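Before any comments, here is the structure.
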Amino acid sequence: MRQRHALIPTLREIPSDAEAASHQLLLRAGYIRQLAAGIYTYLPLGRKVLRKLEAIVREEMDMTQAQEILMPAMQPAELWHQSGRHAVYGPELIRFQDRNAREFALGPTHEEVVTSLIRDEINSYRKLPLIVYQIQSKFRDERRPRFGLLRGREFVMKDAYSFDTSWEGVDLAYQAMYNAYHRIFDRCGLKFRAVEADAGAIGGEGGTHEFMALTDIGEDTIVTCECCGYAANLERAGSRPFTAGLDNLDGSDRLDFLESEKIATPHIKTIEQLVQFLNVSADQLIKTLIYVADGKPIAVCIRGDHEVNETKLKNYLHADNLELADADTIALATGAPSGYIGPIQLPIALFVDHEAAHMKSAITGANHAGFHLRNVRPGRDFSLEYTADLRNVAEGDLCLHCENTLKLTRGIEIGHIFKLGTKYSEPLKACFVDADGKEQPMLMGCYGIGISRLLSAVVEQSHDANGILWPFSIAPFHVHIVPVSVQDTTQMQLAESLYAQLGRLGADVLLDDREERPGVKLKDADLIGIPIRIVVGKKAGEGLIEWKERGSAEALELTAQEATEQVALRLRNHDQSH
Ligand code: 9G3
């Protein structure tokens, strides 16, 4: 492509409303433009990268014998009523009516559509197993779209769905996808981890993994053990309680016998204030939070330095809706204002985190404005009937599987795979007749990759102060030829002949034939981030060019012939790399 006519509108200044590095760079380097919040146009460079990402995903999906289809974005609401999910999703599901006032939704995902399709086309076990996939735009009206393509309202997803006659079949499909995802993200040059995840609303019996690109901007937190390889999303990760097994039930510890005692704590409302006022540490406190679970107020007790894990709490309660209670509900349920709430004599159900349950003596709210209690003994002063792991793993916690400490890192979810079982085939009646003539619901799995999100994840992991550093495999072009002066016929002749030669090799080449000052051209080249840059300057007369790889400081002086051979080599290596 010749840059003079290319639509690559680079920007000098950093867009003020872009926080994430990838968002800033994709805007500045002319890859994307925002149409509306969370809705983007892919300009030629962005479209080329997206196409290369899709090609990698397609190749690896086809290798697993998955068959590519394309389903509609317009989905009849009836399907969502049948699956029971129409009421589960709120304003995030974009609903509309057609000209005959029939209800539709813009597809955020396609479990219902694909299950109804396969129900109508497959009936015998002989036709299974089957995996279909599509690469298509998804629509989710996110409350807070942010970070550019990382959390959009219209985005490109690869979503695959497997149909089997047995759980063994589901496991095979799941493993095949799990392996394919590793190959895909490796080929994209990403640093990622597959982590055990929480199945969430879409549920499914058999488990689920998320693939996380490791970046500081990531909205998800993952927990990893460097020793035994344990890796889980924070929503689901567990740790070995420090205090478990330390109970000296023989009462040898003097503190056990001290009665709980009221202490005046006027206007002390937060953990920090209490720690200061009493000169204690947060891990000596028990904080009691009031939630409303499916409309019912409940109390959760957790050590002062820990955080409630609302996914674990929701799963433990089997609640559909869970939210922190507002001030009125708190006062009504506890007779005390927030900041003074404690577990003793509460008229609502009490759920205690397993770490708090093992505390010997704790300081808690007294359920009385202006007062706290000390020497509170869990189990003696309040019930431990409902005790579970309800907290977020913290840095330095002990690994459940080995004695090592756990690390927390941030990541961006780029893939998510689920074993669904009959969660959709049951309600949508997708059945097959087995070898004994018996009708059974198909067993399903679903497998997603956020393709447009991948674009941003790569940039997050692979950029420097001057711009993007695209991996060779997904760069919009392999080579960027930059003649220093387009008026100089010697330089342009050499640049043009290189452009033609490399093109013949099958390389994607961008030729900067603009009448711009060299500094502008080189700055743009760094910003756009094409892996190989060839500058044709004053040594063009001797047939020499300057070869520079994006991301390395050194530049080499090569003949045009050597440069061509180097590119041919890179193309060959890249093709063999997968
Ligand atoms: C909705 C809306 C948003 C959603 C969903 C449904 C996420 C929804 C989960 C999935 C599960 C898998 C197939 C590919 C891999 C992920 N957000 N999910 O089901 F109506 Cl508004 O999409 N789907």
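Quick one: is residue 142 at pLDDT below 95 and within 16 Å of the ligand (Cβ to nearest atom)?
Details: at pLDDT below 95: no; within 16 Å of the ligand (Cβ to nearest atom): yes.
No.
In segment 343-352, is there at least one residue being touching a residue at least 60 places away in the same chain (Cβ under 8 Å) and open to solvent by 50 Å² or more (accessible area, probe 1.4 Å)?
Looking through segment 343-352, none of the residues is touching a residue at least 60 places away in the same chain (Cβ under 8 Å) and open to solvent by 50 Å² or more (accessible area, probe 1.4 Å).
Please note which helices (runs of 4 or more DSSP H) are completely contained in segment 252-351 and include at least 1 residues that are within 27 Å of residue 240 (Cβ to Cβ).
In segment 252-351, 271-278, 310-317 are the helices (runs of 4 or more DSSP H) which contain 1 or more residues that are within 27 Å of residue 240 (Cβ to Cβ).
Just one of 122, 118, 131 is assigned by TED's automatic domain parsing to the domain that holds residue 432, in contact with a helix residue (DSSP H, G or I) (Cβ under 7 Å, 6 or more places away or on another chain) and more than 11 Å from the ligand (Cβ to nearest atom); which is it? Spell out the reasoning first.
Working: 122 fails: in contact with a helix residue (DSSP H, G or I) (Cβ under 7 Å, 6 or more places away or on another chain); 118 fails: in contact with a helix residue (DSSP H, G or I) (Cβ under 7 Å, 6 or more places away or on another chain).
Step by step, each of 122, 118, 131 is checked, and only 131 is assigned by TED's automatic domain parsing to the domain that holds residue 432, in contact with a helix residue (DSSP H, G or I) (Cβ under 7 Å, 6 or more places away or on another chain) and more than 11 Å from the ligand (Cβ to nearest atom).
For residue 112, state whether it is assigned to a loop (DSSP other than H, G, I, E, B) and in the same structural domain as residue 177 (by TED's automatic domain parsing).
Values: assigned to a loop (DSSP other than H, G, I, E, B): no; in the same structural domain as residue 177 (by TED's automatic domain parsing): yes.
Criteria not met by residue 112.
So, in segment 468-499, of the ones that are of a type in the set (Gly, Ala, Ser) and open to solvent by less than 40 Å² (accessible area, probe 1.4 Å), which residue ends up nearest to residue 534 (Cα to Cα)?
For segment 468-499, the residue satisfying everything is 495.
Condition test on residue 104, is it within 14 Å of the ligand (Cβ to nearest atom), part of a strand (DSSP E or B) and open to solvent by 40 Å² or more (accessible area, probe 1.4 Å)?
No, not satisfied.
Among the numbered conditions (1) open to solvent by 10 Å² or more (accessible area, probe 1.4 Å); (2) under 23 Å from residue 47 (Cα atoms); (3) assigned to a strand (DSSP E or B), tell me where residue 548 comes up short.
(2)
Please go through segment 57-96 and pick out each residue that is touching a Gly at 6+ places or on another chain (Cβ under 8 Å) and open to solvent by 60 Å² or more (accessible area, probe 1.4 Å).
Of everything in segment 57-96, those that are touching a Gly at 6+ places or on another chain (Cβ under 8 Å) and open to solvent by 60 Å² or more (accessible area, probe 1.4 Å) turn out to be 72, 74.
I need a count of the residues in segment 368-378 that are open to solvent by 30 Å² or more (accessible area, probe 1.4 Å) and not in a loop (DSSP other than H, G, I, E, B).
3
Does residue 492 meet the test of being touching an Asp or Glu at 6+ places or on another chain (Cβ under 8 Å), closer than 30 Å to residue 162 by Cα and at pLDDT 95 or above?
Against the criterion (touching an Asp or Glu at 6+ places or on another chain (Cβ under 8 Å), closer than 30 Å to residue 162 by Cα and at pLDDT 95 or above), residue 492 does not qualify.
Does residue 459 count as more than 16 Å from the ligand (Cβ to nearest atom), open to solvent by less than 20 Å² (accessible area, probe 1.4 Å), touching a residue at least 40 places away in the same chain (Cβ under 8 Å) and under 18 Å from residue 147 (Cα atoms)?
yes
Could you give every pair whose Cβ atoms fall below 6 Å, whose first residue belongs to segment 267-295 and is under 12 Å from residue 338 (Cα atoms), and whose second residue is open to solvent by less than 50 Å² (accessible area, probe 1.4 Å) and assigned to a helix (DSSP H, G or I), counting only separations of at least 6 or pairs across chains?
Listed pairs, sorted by first residue: 268/274; 271/282; 290/330; 290/333.
Could you give me the residue pairs with C-beta distances under 7 Å whose first residue belongs to segment 39-51 and is modelled with pLDDT of 95 or more and in a strand (DSSP E or B), whose second residue is open to solvent by less than 70 Å² (accessible area, probe 1.4 Å) and of a type in the set (Lys, Arg) wherever it lies, and which are 6+ apart or on separate chains?
39/153; 40/33; 41/33
How many residues does segment 551-562 contain that are in contact (Cβ under 8 Å) with a residue 40 or more places away in the chain and in a loop (DSSP other than H, G, I, E, B)? Outline the logic, then answer.
Here is the first cut: in segment 551-562, the residues in contact (Cβ under 8 Å) with a residue 40 or more places away in the chain are 551, 560.
Subset that is in a loop (DSSP other than H, G, I, E, B): 551.
The total comes to 1.
Looking at segment 466-543, what strands (runs of 3 or more DSSP E) fall wholly within it and have at least 3 residues that are touching a residue at least 60 places away in the same chain (Cβ under 8 Å)?
Values: elements: 479-483, 509-511, 532-536.
Fully inside segment 466-543 and qualifying: 509-511.
If I ask for residues that are more than 9 Å from the ligand (Cβ to nearest atom) and in contact (Cβ under 8 Å) with a residue 60 or more places away in the chain, which ones from segment 74-99 would you list?
79, 82, 83, 84, listed by residue number.
The values are calculated or read from the model by the stated rules, or taken from the named source; none is laboratory data. Keep in mind the model is a prediction, meaning the values are calculated, not measured. Quick reminder, even Gly has a Cβ in these numbers, built from the backbone with ideal geometry, and neighbours come from all protein chains shown. With ligands, DNA and RNA removed, areas are computed over all heavy atoms of the protein, side chains included. Shrake-Rupley method; radii C 1.70, N 1.55, O 1.52, S 1.80 Å.
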